[in-house]
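The next block holds one structure in the form of structure tokens; read it before the comments.
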Amino acid sequence: MSQESKLIEQIERVLSKFPAVAATWHSGNLVAGFRDAVAYHSLRTECIALINFVYGVEHAQASEFRRTIRREALHDLHAAEGMLRGAIESIRHGLLNDLRTEILLDVQTDFLGAAQTALEGGAKDVAAALSAVVLEDSVKRLAAKHGLDDLINQEFSVVITGLFKADAITKATKGALLAHKDLRNAALHAQWHEVSAEAVQALLYLLPVFIEQHGV
């Protein structure tokens, strides 16, 4: 079962609890609420954890969901249910993958920006470490994107060769990536005497282009 299928299964499991909780709603002249407060709060907690995982805690959709379900009204419970059903459709149509790619690109941009700032400030070792992490992560995400799961735990050059054999990258890209193998190895093993500012800058020129071209 794929990760998307498992996630949909979890959301549907949670959705199956909504009717029973909604049935406990009561509204009088002075007081309104869910009679089974334990079931309601349990469902609310489970839903928030699930939606935070789907969208990420900081995403606007997750924030709106949390505000909605915390208002403790029947129509808000129904609205939250609708949001979860919408999340299922997003997953089925690949929108969740697009969202996660967007979040990842933001994180990578922050890493690369920090690396460039460090390099310009004379901290080549810090810049090398940050850029090497992005390089390693990007090529392995590309392998996962093409279903090459056997490459995920392989050594860097093996991953690059595998990507080329699977036509995931061109010969020119393969050569460009392998040209940074020594820098990657030195940075990830703290062999700073083998790291030059020029090599780090060259990698920082390459990475944004590679990430944008391959959507990783």
Once you list every other residue whose beta carbon is under 12 Å from the beta carbon of residue 8, what net charge do they have if Lys and Arg are +1 and Asp and Glu are -1? 0
Rg and Dmax in Å for the chain, alpha carbons only: what are they? 23.4, 77
Counting only protein heavy atoms and using a 1.4 Å probe, what share of the accessible area of the chain belongs to carbon plus sulfur, as a whole percent? 55 percent
Obtain the radius of gyration and the Kirkwood radius of region 1-60 from its C-alpha atoms and give Rg over Rh. 1.10
Once the Cα atoms of helix 74-92 and of the chain are each reduced to a long axis, what angle between those two axes, in degrees from 0 to 90 to the nearest 10, is obtained? 30 degrees
Might you work out the accessible area of residue 184 for me, using a 1.4 Å probe with all protein chains in place, and round it to the nearest 10 Å²? 30 Å²
Over region 104-216, with neighbouring protein chains present, the accessible area per residue in Å² at probe 1.4 Å is 52 Å²
Would you mind checking the tilt of helix 3-15 against the longest principal axis of the Cα atoms of the chain, expressed as 0 to 90 degrees and rounded to 10? 20 degrees
Lysines near residue 140 by alpha-carbon distance under 23 Å, same-chain residues fewer than 8 away left out - which ones? 6, 165, 171, 174, 181
Run the simple label-point estimate for residue 58 and residue 92 please: 7 Å along Cα→C-beta, distance reported in nm. 3.1 nm
How big is region 135-208 on each of its three principal axes, counting only the C-alpha atoms and giving the largest first in Å? 36, 23, 17
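The values are calculated or read from the model by the stated rules, or taken from the named source; none is laboratory data. None of the values given here were measured: they were computed from a predicted structure. Heads up, the Cβs are rebuilt from the backbone with ideal geometry, glycines too, and the neighbour counts pull from every protein chain shown. Areas reflect the complete protein model, heavy atoms only, side chains present, ligands, DNA and RNA absent. Shrake-Rupley method; radii C 1.70, N 1.55, O 1.52, S 1.80 Å.
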